[in-house]
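What follows is a short report on a single structure.
Every number in this text was worked out from the coordinates using simple rules, so none of it is lab data. Here the structure is a predicted model, which means the values were calculated and not measured.
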Amino acid sequence: MRWIEPEAEVSVPPGAQISLLRQAIEKQPNNPALHLRLGAALANCGRLGEAVDAYETAARQAPDEFAAGSKLAKCYVELDRPEAALDACRRGEARGPSADLHFQKGRALLTSRRPDDARAALRSAVKANGTHIPALRALLAPLAREPDGAELLDVCDALPRSSKDTALVRAHRAIALSRVGRSAEALQIVDLDRHVARVAFDPPAQFGAIDQFNLQLADDILADRAPAKPASEGLDYNPAPQFRRSEAFLALREFIKSAIDNFLDEARGRGLDAVMPPPPKEGYLYESSTVLRGPGHNGEHIHGNAYVSSVYHVLVPESVSGADDSRGALALGLCASYTGGYTPCWGTRYIKPVAGSLVIFPSHIFHDVMPSRTQMPRIAVAADLQPVATG
């Protein structure tokens, strides 16, 4: 597999971007492209009402060229205006249907309590784009809570190959197999022993010992927290960290890529070649950081569009590392909240965090972090191998 570097985005503070666009619109008030960009910028800041106004202005100015129907519909859905969302979808479909339009239509229909019509729209989204992860999640998640896994299994097995090859569908198919009593097949997909690797990081000499390296990286991460977005119940998640520019992180990411390469080389020995598609020909590393305190935890989840996931533990409070219970542990396989209280046949593996170690596992394995029960920060970097579609 060949690692590639995604193009770096030029970062403009959201407020400054909105201000610049408004100034441009004052000079060119009849330019629909500017109103579209303003709508997107406002939506990204959560200013949905203003985003709707900007998108609707663009639609009035160029109704035959309006290509943001799904974005407008998304705003209406999140404003709890499903009928307006459905109208936006109809206007968008007049220009040509798309997976995103079908998906937003499905969301609006769910809000309108029309589940059968919603499922039809979500299936249309998947038919248009087999790797549309939000549509697949909306289609499969309710079925994962049903005691009888037969319908979930039937839906998973009827999906196109491109969908079946996603981590999201593999995870749900494993749940379905467990529910219907086909435990051996479920355990072939989720094996919390064979499918998990743990690797210690030996940093380059210029950083000193691992403790010194981790302290430098922890400082970079803590300095990168967004002051306008305070931690919620002990969770401070940064999906687009600026610390990617730090020397410590650049060294860490090279180690993570090498460790993932080794994990891929071991796929056959771990039995992963029988349950996962071949590794992508090209991929990139997607990173995020998490700072947890007190009751904070990530919530049970999978990385549905990734291939392999990993967690590097940067800073672990002494009360966590010295405890004889599961506080602060990485809980692999845990999904009882997601499934409505059902514990699949693979159970849960609690991995106590060790600063300086990387845990690697297939992206279809559900996971969470147990609350650390201390106000001292528990800091981790998550990194996924994201496949890149090739011709």
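Taking a ≥ b ≥ c as the square roots of the eigenvalues of the Cα gyration tensor, the range 124-198 is classed as oblate, since a/c reaches at least 1.5 and a/b does not exceed b/c.
Listed values for the range 364-370 are Karplus-derived 3J(HN,Hα) couplings in whole Hz (6.51 cos²θ - 1.76 cosθ + 1.60, θ = phi - 60°), namely 8, 8, 4, 7, 7, 10, 6, and x replaces Gly and Pro.
Just to be sure I understand the curve: with the Debye formula and one point per C-alpha of the range 230-383, what is log10 I(q)/I(0) at q = 0.13, 0.17, 0.20 Å⁻¹? After summing over all Cα pairs, the log10 values are -0.63, -1.08, -1.42. Would the range 18-94 count as rounded, prolate or oblate if I go by the C-alpha gyration tensor, calling it rounded below 1.5 in a/c and otherwise prolate when a/b exceeds b/c, oblate otherwise? It comes out oblate by the Cα gyration axes. Of the residues Leu358, Leu42, Leu252, the one that moves most in a GNM of the chain with alpha-carbon contacts below 10 Å is Leu42. Backbone geometry of the range 162-169 corresponds, through the Karplus equation with coefficients 6.51, -1.76 and 1.60 at θ = phi - 60°, to 3J(HN,Hα) couplings of 4, 6, 4, 7, 8, 4, 4, 6 Hz, x marking Gly and Pro.
Distance from the Cα centroid of the range 97-119 to that of the range 124-192 is 19 Å (rounded to whole angstrom). Once both axes come from the Cα atoms, what is the angle between helix 210-222 and the longest principal axis of the chain, in degrees from 0 to 90, rounded to 10? Between the helix axis and the principal axis of the chain, the angle is about 20 degrees.
The angle between the Cα long axis of helix 48-61 and the main principal axis of the chain comes to about 40°, on a 0 to 90 degree scale. Using only alpha-carbon positions in the chain, the gyration tensor eigenvalues give semi-axes of 36, 29, 20 Å once each is multiplied by 5 and square-rooted (largest first). By the Cα gyration tensor, the range 260-310 has an equivalent ellipsoid whose semi-axes, rounded to whole angstrom, run 27, 13, 11 from largest to smallest. Couplings 3J(HN,Hα) for the range 96-102, derived from phi with the Karplus relation 6.51 cos²θ - 1.76 cosθ + 1.60 (θ = phi - 60°), are x, x, 8, 4, 5, 5, 4 Hz, where x marks Gly and Pro. If you sort the three axes of the alpha carbon gyration tensor as a ≥ b ≥ c, you get a/c of 1.5 or more for the range 2-54 and a/b above b/c, which makes it prolate.
Rounded to the nearest 500, the 222 nm mean residue ellipticity of the chain from helices alone is -13500 deg cm²/dmol, with -39,500 (n - 2.57) taken per DSSP H run of at least 4 residues.
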